[in-house]
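Visitor: Before anything else, here's the structure in question.
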Amino acid sequence: MDDCLFCRIARGEIPSNKLYEDDELLAFYDIAPQAPVHFLVIPKQHIESCGDVDAGNSAIVAKAFELIARLTRENGIKSFRVVSNCGEEAGQSVSHLHFHVLAGRSLAWPPG
Ligand code: 5GP
Ligand code: ZN
C-alpha cells in the first residue's frame, strides 16, 4: 500500500526506532508511548486489522506472537499487555495490523 504509514515505515521510507526486523516482521517503539515500555509489532505485509486475518495470512500473526514472547523475554519484561485496536470505535488510528506491547507500569482493567 503506497500511502499506508506502517507500510512506509516497514519499507524504511519513514524512520522508526527499531527493536527488531526481519523479512516479514518489524518491531519499533511507538512515537507517543502510553507506558514506560511501548512498542509495536507489525507484519511487513499490509493487513488492515485483526478483522482481516484469515487462513491465508494467519501464519504471520502466529509469528508476531512468537516475536512478542521473545522480545519481552529477552528484555526482562515479565508482565505486559498486548493490544490490537480494530476499527475506529476501538481506537484504531492506523489501518495496518499492529500489536501494541505495553509494560513498565500497572495497567488498569477494563481498558477505557
Ligand atoms: P492505533 O491507534 O491504530 O491502535 O495505534 C497506532 C499507533 O501508532 C499509535 O499508538 C501512535 O502513537 C503510533 N504512531 C502513529 N504514527 C507513528 C509514527 O510515525 N511512528 C511511530 N513510531 N509510531 C506512530
Ligand atoms: Zn500498510
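Visitor: Return the calculated 222 nm mean residue ellipticity for the chain, to the nearest 500 deg cm²/dmol, obtained by summing -39500 (n - 2.57) across DSSP H runs with n ≥ 4 and dividing by the residue count.
Guide: -6500 deg cm²/dmol
Visitor: On C-alpha positions alone, give me the angle between the axis of helix 58-74 and the longest principal axis of the chain, in degrees, nearest 10.
Guide: 40
Visitor: Divide, for segment 18-76, the radius of gyration over alpha carbons by 2.2 N^0.38 Å, where N is the residue count. The partial results should precede the final answer.
Guide: Numbers: Rg = 12.0 Å, N = 59, 2.2 N^0.38 = 10.4 Å.
My calculation over the Cα atoms of segment 18-76 gives 1.16.
Visitor: Determine which lysines satisfy two conditions relative to K78: a Cα distance under 20 Å, and not lying fewer than 8 residues away in the same chain.
Guide: K63
Visitor: Let me ask something else. Quickly rank 101-108, 25-32, 52-59, 41-48 as a protection proxy: mean count of other C-beta atoms within 10 Å, highest first.
Guide: Details: 101-108: 14.2, 25-32: 16.2, 52-59: 10.9, 41-48: 19.1.
Per-residue mean Cβ counts within 10 Å order the peptides as 41-48, 25-32, 101-108, 52-59.
Bear in mind that the values in this text are calculations on the coordinates, not laboratory data. If you're wondering where the values come from, they're calculated on a predicted model, not measured in any experiment. Ideal geometry is used to build each Cβ from the backbone, glycine not excepted, and the neighbour counts take in all protein chains shown.
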